[in-house]
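For reference, the structure discussed in these notes is given below.
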Amino acid sequence: MNPAHSLTVITDRHYLRHDTGGADHPEIAARLTAIRQQLAAGPLARQIREEPPRPASREQLLVAHRESYLFRLEEAALAGRSFIDHPDNQICFESYEVALLAAGAGPTAIDRLEQGAAVQAFCPVRPPGHHAERGMAMGFCLLNNAVIAARYWQRAHGRQRILIVDWDAHHGNGIQAAVEEDPDVFYASVHEHPTFSFPGTGFAEETGSGPGLGTVLNVPLLPGADDVQLLAALTGRIEPAVARFQPEAIIVCAGFDGHRLDDMAGLAFTSDGYHQVGRLMADWGHRFAPGRVLTLLEGGYHLAALAESVEAYLAGLLAVDP
Ligand SMILES: [Zn+2]
């Protein structure tokens, strides 16, 4: 491996073809274009090696979604429907194919990490995934990219204990629902308090159930919470639980809609805060799961803040040496 290429970015021009119907929808192709332009023009460009995703296989999808939903989603797209399950979830003719490429990015990146061919892996995908339920689209999300990646890591590479850490401004209800009874997957989320924010789940009292009791950790923050509170939640609340759990692999659900300029939530994070989060995720990787940190893009809708924050996060991720 060329040591300069320390960041593998799994990306595909087809991600731009998921059309959410026009100017009013915040989840648009320009999000990825803004990220790409920012990274290409900045200091990380020399460290990046781009690679296309494999589309997720039927087998990979079926561990996270009902087959009836997969048929329904594919049919809705091919039949020319404009949305599925709720008008939030806008689709076009190609959305099913694009969603397969988004869901396949994680497994593609995991193979590279496991082969030692990538040091860090970032998947700037759309549509995002963390709100998607087993049988329902939700919150712009069609397929649950993080759950599909976690199950792939377990089944294809034998890494049983998976941490999914999610600091998108919104609670990842779809991830929690998929893993809350599973003691082998720890889901930790920092998000705006559900009283004030979509989707209305993610109270601190939700801690998993049955055999998975104790492997869900929600840290809701009040509107206006800033970088100090974000870092305190991650280091003070989540890190001790991660140390007890001892993950073998880490999936980061990186949403940047907690930025103070992003009006999808009332949080007040900055790009410097995301830089510090990047350093922390790298540190967790070195301590708990060396070479096995996968970052998946979730939300982030203010184009300039998103691009700047992604770059700052990745710079933090790459700044920490083992
Ligand atoms: Zn979000």
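The values are calculated or read from the model by the stated rules, or taken from the named source; none is laboratory data. In this text the structure is predicted, and so the values were computed from the model without any measurement. In this analysis, Cβ positions are derived from the backbone assuming ideal geometry, glycine residues included, and neighbour counts consider all displayed protein chains. Remember, those area values only see protein heavy atoms, side chains included, never the ligands or the DNA or RNA. Shrake-Rupley method; radii C 1.70, N 1.55, O 1.52, S 1.80 Å.
Okay, here's what the table says:
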{"quantity": "Segment 268-322: relative contact order as a whole-number percent, Cα under 8 Å and 6+ apart", "calculated": "63"}
{"quantity": "Accessible area (Å², 1.4 Å probe, nearest 10) - residue 6", "calculated": "20"}
{"quantity": "Computed over segment 7-319: relative contact order in percent, which uses C-alpha pairs under 8 Å that are six or more apart", "calculated": "19"}
{"quantity": "Prolate/oblate/rounded label for segment 46-177 (Cα gyration tensor, a/c 1.5)", "calculated": "prolate"}
{"quantity": "Cα centroid separation - segment 231-305 against segment 39-56, whole Å", "calculated": "20"}
{"quantity": "Percent RCO, i.e. relative contact order, over segment 175-322, from Cα pairs under 8 Å lying at least 6 residues apart", "calculated": "21"}
{"quantity": "Cα gyration tensor, segment 109-164 - rounded (a/c under 1.5), prolate or oblate", "calculated": "oblate"}
{"quantity": "Rounded, prolate or oblate (a/c below 1.5 giving rounded, otherwise prolate when a/b exceeds b/c) for the chain by Cα gyration tensor", "calculated": "rounded"}
{"quantity": "Amide H partners (placed H, <5 Å) of residue 221, local residues excluded", "calculated": "191, 192, 193"}
{"quantity": "GNM top mover of 255, 214, 80 - the chain, alpha-carbon springs below 10 Å", "calculated": "80"}
{"quantity": "Loop-resident sites, segment 1-87, for trypsin sites (Lys or Arg not before Pro), counting at most 10 other Cβ within 10 Å (DSSP)", "calculated": "none"}
